[in-house]
1. Do the sum for the chain: with -39,500 (n - 2.57) for every DSSP H run of n ≥ 4, divided by all residues, what is the mean residue ellipticity at 222 nm, to the nearest 500 deg cm²/dmol?
2. Taking the Cβ-Cβ separation of residue 229 and residue 87 as r and a Förster radius of 51 Å, what is the calculated FRET efficiency to the nearest 0.05?
3. How high is the relative contact order of the chain, given as a whole-number percent (alpha carbon pairs under 8 Å, six or more residues apart)?
4. Given springs between every Cα pair under 10 Å in a Gaussian network model of the chain, which of 63, 103, 200 has the largest fluctuation?
5. Taking the chain as the reference, fit the longest principal axis to its C-alpha atoms, fit the long axis of helix 169-189 to the helix C-alpha atoms, and give the angle between the two in degrees, 0 to 90, nearest 10.
6. How far apart, in nanometres, would the label points at residue 187 and residue 163 be if each is projected 7 angstrom from Cα along the Cα-to-Cβ direction?
7. Using a Gaussian network model of the chain with C-alpha springs under 10 Å, which one of 183, 120, 175 is most mobile by mean-square fluctuation?
8. Taking the 0 to 90 degree range and rounding to the nearest ten, how far is the long axis of helix 133-147 tilted relative to the main principal axis of the chain, both from C-alpha atoms?
């Protein structure tokens, strides 16, 4: 393998450009929801581009799971806040795959703080990562998919983007912005057979929800009184990428009302 993954201590597989299996690039794939999505694609034999920002060790763990599941893949590092970094990542991924099929925009960060005390530095970082970073990824990937006669983009949103949340001003705003971004991209890129959808994975116990994850009776706003499983949400992402007639839609993976 000639990718960055080959320079690490993990087992890898050598990509074969003659392999026509679909390929997906997943941002924020080093842990949590991104890892589960990567594993789900690996189980159906896709090539998975495992993006990470800083935690290369965790990204290696994700890649190992993809390979053990029967998929192929490599690591791709990028700072999604920087358009040039994102473009280099997409170019590298495109050079290694023969069937570019999907992008999953999962990378994101959270913040906590009441609105009147929210630090501008924190606000700027959350918006730059969650919203502007997704913009960079969409813009870099669209030409690749259009040349390939279409494909699917799934953006991971949040129920908070529709309803807000106390102490989550920056996060809620960044996720709300994704709604307009996804719907606009779907309209503009539909003629090129590029489907763009927003998926809400529901509450998942990850590092992003540490300290705020509901426990006990904290599910009263859920009709089923429980959150969705991580595997179920990941499988929904995989399913959505393979649907050819749906775009510009919001998919909610839990039992709350939007």
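The numbers here are math on the coordinates, done by the rules we state, and not lab data. All values reported here derive from a predicted model rather than from experimental measurement. In this analysis, Cβ positions are derived from the backbone assuming ideal geometry, glycine residues included, and neighbour counts consider all displayed protein chains.
1. About -12000 deg cm²/dmol.
2. Efficiency for this residue pair is about 0.90.
3. 18 percent
4. The residue that fluctuates most here is 200.
5. Approximately 50 degrees, to the nearest ten.
6. Distance between the two pseudo-spin positions: 2.7 nm.
7. 120
8. 40 degrees
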